[in-house]
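In what follows, a structure is listed as structure tokens, so that the remarks can point back to it.
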């Protein structure tokens with residue numbers, strides 16, 4: 001008798017993806033919008049450097065800290081544990097929480113009273129933004145078949161130039177006409193509420209998408225468990241045999 005769950009997992013691994021093509025496209029657009037917001041809130045600090053420098057009397061070193069090490073160190077370090085968490089927990093929930101956090105902290109930047117306040121707010125932004133790409137790429141990997149995955153990731157990555165462009169145009173306009181504080185507030189709060197609330201676009205993905213990641217029992221769980229079983233482990237732990245026997249790598253030869 002055929003193991004249905006294992007057969008389903010193998011079909012998913014071979015490259016059928018999840019859901020219809022239209023729904024996968026919808027998922028990709030929502031994730032790309034989230035990544036766009038990521039870069040909007042990340043880049044706005046560079047647009048308002050001059051008014052910040054004049055209002056708080058900041059040095060060039062302090063401005064560099066706000067946009068450099070303060071952001072980059074935590075963003076880099078936290079990416080790995082967040083990715084590991086996304087392998088075991090609800091990825092859309094993690095993404096929603098992180099969007100809410102980084103957007104709220106972006107808005108808090110608009111309430112800053114000095115360098116220390118602004119520095120801590122930027123730390124909050126970096127913590128939240130570290131949780132965007134790991135779960136998003138994990139979702140894309142599950143939803144899209146292997147032969148379509150590179151295109152999907154390329155579309156997702158469009159969030160980088162789009163986010164920088166929006167931050168430059170919208171942030172610059174608002175800062176020039178209404179002040180730098182409103183630039184942080186307007187770019188931080190409205191967009192985050194659209195994506196991070198339970199009834200938002202991400203909430204609909206949570207309701208309709210796969211309930212678990214393959215590591216914890218999702219569509220590809222049967223295949224992964226089979227690949228890691230003792231009988232598949234050879235002299236070197238099985239990686240070479242895994243590549244030889246697994247149907248997924250063979251997709252690169254498909255027309």
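Is the shape of region 19-209 rounded, prolate or oblate, going by the alpha carbon gyration tensor and its root eigenvalues a ≥ b ≥ c, with a/c under 1.5 for rounded and a/b larger than b/c for prolate?
In terms of gyration-tensor shape, prolate.
Classify region 72-135: rounded, prolate or oblate, from the alpha-carbon gyration tensor (a ≥ b ≥ c, eigenvalue square roots; a/c under 1.5 rounded; otherwise prolate if a/b is larger than b/c)?
oblate
Which FRET efficiency, nearest 0.05, do residue 84 and residue 170 yield, Cβ-Cβ r, R0 30 Å?
Taking R0 as 30 Å, the efficiency between residue 84 and residue 170 is 0.30.
Relative contact order, percent, of region 19-209 when contacts are C-alpha pairs under 8 Å separated by at least 6 residues?
About 37 percent, as a whole number.
With a 10 Å radius around each residue's Cβ, average the other Cβ atoms per peptide and rank 49-57, 175-183, highest first.
Taking the mean over residues of other Cβ atoms within 10 Å, the ranking is 175-183, 49-57.
Taking 0.36 nm per intervening residue step and subtracting the Cα-Cα distance, what contour gain separates residue 97 from residue 154 on full extension?
18.1 nm
Read-outs throughout are calculated quantities, based only on the coordinates presented, and are distinct from any laboratory measurement. Computed from a predicted model, the values in this text were never measured in an experiment. Methodologically, a virtual Cβ is constructed for each residue, glycine included, from the backbone with ideal geometry; neighbour enumeration extends over all protein chains shown.
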